[in-house]
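So the structure is just underneath, and the comments pick up after that.
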Amino acid sequence: MTNPARGRVLSQVGSLDELVGAHPDALRRIYGSGRVADPAELGDSPRGRLLAIEAGQDAFLAVRRVIQLLATDRSPWQGKAFDPSDGTGQNVVLGRRAFPFAVELGDSTVDGLPTLVLRYDEPRHKNPWPVRVLRDELRAVADGVAIGPILHQQRVVGWFGLTRR
């Protein structure tokens, strides 16, 4: 499938679960061909999955199995909840909302193209370090599926995804 906005061929993504444990380079390519995510398309509280850890790239096969074990419904991090009325959201951890973030359109740290940015550094959110130095980005890559990098001080440290429940 060709992305008319960029003239590139998109990877066919059927579900978020098929991306769990994917190589970070593959996730970077899929993300690069996506479009800015719309939280409304994901629903109020999309299910989340950790997809990859960037630091584990050299030891990909060993780390992949750990990611696959962590990315289950028993994971403490279960996804995100968005509040479109005020442009904010929160992570869902162990069934509770925690670590609020601001939602805004911006340029991706990864490739400079438009993306949905989730910022944890607003003083009103009072997030603890190291959460407040994180930044998430999000692009839709299939119907009801969005992925993006987890950044620490503008460096990609991992990849996550959200899917409509």
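Any read-out appearing in this document is the output of simple, stated calculations on the displayed coordinates, not a laboratory observation. A quick note: this is a predicted structure, and the numbers were derived from the prediction, not measured. Ideal geometry is used to build each Cβ from the backbone, glycine not excepted, and the neighbour counts take in all protein chains shown.
Computing FRET efficiency as 1/(1 + (r/R0)^6) for R155 and D38, where r is the C-beta to C-beta distance and R0 is 35 Å, gives about 0.85. Taking other C-beta atoms within 10 Å as the exposure proxy, K126, K80 rank K126, K80 from fewest upward.
Run lengths n ≥ 4 of DSSP H only: what is the helix-derived mean residue ellipticity at 222 nm for the chain, with -39500 (n - 2.57) per run over all residues, to the nearest 500? Write out the running numbers ahead of the final one.
Details: 3 runs with 24 residues, N = 165.
When only DSSP H runs of four or more count, the value is -4000 deg cm²/dmol.
Label positions at E18 and V66, each projected 7 Å from the Cα along the C-beta direction, are separated by 2.7 nm.
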